[in-house]
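Presented below is the structure to which this report refers.
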Amino acid sequence: MGIGPVEKLQVRQRLEALEENLSPYASRSSRSLGRERDETPSPLRTEYQRDRDRIIHTNAFRRLKHKTQVFLAPSGDHYVTRLTHTLEVAQVGRTIARALNLNEDLVEAMSYGHDLGHTPFGHLGEETLDQVYAPGFTHSAQSLRIVERLAREGEGLNLTWEVRQGIISHSKPQGDFLDIKLDESLTLEAQVLRLADSVAYLNHDIADAIRAGMLKVEDLPERANRVLGTTHSERLDALITAIVQESWPASGLSGEESDTKPVISMDQETRDAMMELRDYMFQNIYLPLGDTRQSEVGRDVVKLLYHYFVTNAEEIPPPYFSPGTDPERAAVDYVAGMTDHYAIRQAEKLQSGITQNVFHNVPLE
């Protein structure tokens, strides 16, 4: 026999009480800095769980399945897409957060949202929009713009401050990003996301490059193979374990008290091996892939679409464009939201033959 309204079950309150067992350095949904617009709390979910679910149900999240990770519009079924990358980041992030007694729900929510703003054709699409759009473009800022302004037909998702912070701060430059002094306001969960993102993409990009015949395991730096291992699972285990061990004070279980807020990092040997491996991938995979014929065509497609929609903004659907909207901003929002496949088809409609048949697996009709 039921007991009446679900509010009487006190589910959310029980979940919030469980969060009190987390590390003293962990984020707690009941103490969130809140949302831009106040909302009645859910009777069944914490605030971070609500954010996670809202992101998963967006069109932007669904479109990640046809957005490039590294290989453009790949024909093989096993290449990583932006969606599978996102799921792997969430898995790595949850593992680290659980081990360190941090808030898994927060890490999961920001993981699902961190790449919503990625363009078609991956980072080369991002670089192209950054070149043609005078104010500049980054996928992290676009991800934030999606959850704040574009999702839900222009209403935005009204996410918590902590999830939005993780989304905007996840990006890392080439080089030793671990040397960057972290903003003191960055939650430990946001720091987990930064490392989980790197661990995930580095490992699955190696697997994709091997699958494509671009490298062999023995081609990788000797130190990386020695310190991190030579298989996908060995590298993941070595990196995640190193992060947990070095970041253990963040768990609140080390028995050491300090006035200094702990940080999420890894030991020097593992860090050096990871950075050498990352540099190797930039020099031998990422940068060379940017010089292929496919990449050149991808850039041409993004430029064509951007310039066309700037001058024909009335063809841009809402919520990207409405009377009074800046046509350039609307064109960026619309083009950035396209999947590889949709961008290719739209470009072919505008200029037949522009893709020069380099994307063989994409139907143009």
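The values are calculated or read from the model by the stated rules, or taken from the named source; none is laboratory data. Only a predicted model underlies this, so the values are computations on that prediction, with no experimental measurement involved. Positions of Cβ are generated from backbone atoms using ideal geometry, with glycine treated the same way; all protein chains shown enter the neighbour counts.
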If we keep only residues of the stretch 47-104 that are part of a helix (DSSP H, G or I) and of a type in the set (D, E), then the residue surrounded by the most Cβ atoms within 10 Å (Cβ to Cβ) is D51
Within the stretch 316-358, the residues that are without any contact (Cβ under 8 Å) to a residue 12 or more places away in the chain and over 29 Å from the mean Cα position of the chain (by Cα) are P323, G324, K349, S352, G353, N357
Per the list (1) part of a helix (DSSP H, G or I); (2) modelled with pLDDT of 90 or more, residue check on L178 breaks on (2)
Restricting the stretch 189-201 to residues that are among the aliphatic types (A, V, I, L, M) and under 12 Å from M110 (Cα atoms), the one surrounded by the fewest Cβ atoms within 10 Å (Cβ to Cβ) turns out to be A190
Here the residues within the stretch 87-129 that are more than 23 Å from T241 (Cβ to Cβ) and among the polar types (S, T, N, Q) are T119, T128
Scanning the stretch 253-271 residue by residue, the ones that are farther than 14 Å from I96 by Cβ and touching a residue at least 60 places away in the same chain (Cβ under 8 Å) total 3
By residue number, the members of the stretch 105-147 that are of a type in the set (A, V, I, L, M, F, W, C) and free of Cβ contacts under 8 Å to residues at least 40 places away in the same chain are A141, L144
Requiring at least 1 residues that are within 22 Å of S140 (Cβ to Cβ) and polar (S, T, N, Q), the helices (runs of 4 or more DSSP H) wholly within the stretch 249-365 are 293-311
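Matching residues to (1) surrounded by fewer than 23 Cβ atoms within 10 Å (Cβ to Cβ); (2) under 27 Å from L305 (Cα atoms); (3) out of contact with any helix residue (DSSP H, G or I) (no Cβ under 6 Å at 6 or more places or on another chain); (4) aliphatic (A, V, I, L, M):
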position: V107; (1), (2), (3), (4): no, no, no, yes
position: S111; (1), (2), (3), (4): no, no, no, no
position: G136; (1), (2), (3), (4): yes, yes, no, no
position: E148; (1), (2), (3), (4): yes, yes, yes, no
T230 fails exactly one of (1) touching a helix residue (DSSP H, G or I) at 6+ places or on another chain (Cβ under 8 Å); (2) within 30 Å of A347 (Cα to Cα); (3) not in a helix (DSSP H, G or I), namely (2)
Within the stretch 202-248, restricting to residues that are acidic (D, E) and either over 20 Å from Q69 (Cα atoms) or surrounded by fewer than 16 Cβ atoms within 10 Å (Cβ to Cβ) (or both), the one that is nearest to the chain's Cα centre (by Cα) is D237
Counting only residues that are in contact with a Ser or Thr (Cβ under 9 Å, 6 or more places away or on another chain) and basic (K, R), the stretch 78-98 contains a total of 2
Residue under question is A242, and the condition is that it be touching a Ser or Thr at 6+ places or on another chain (Cβ under 6 Å), assigned to a helix (DSSP H, G or I) and either among the β-branched types (V, I, T) or modelled with pLDDT of 95 or more (or both); does it hold?
yes
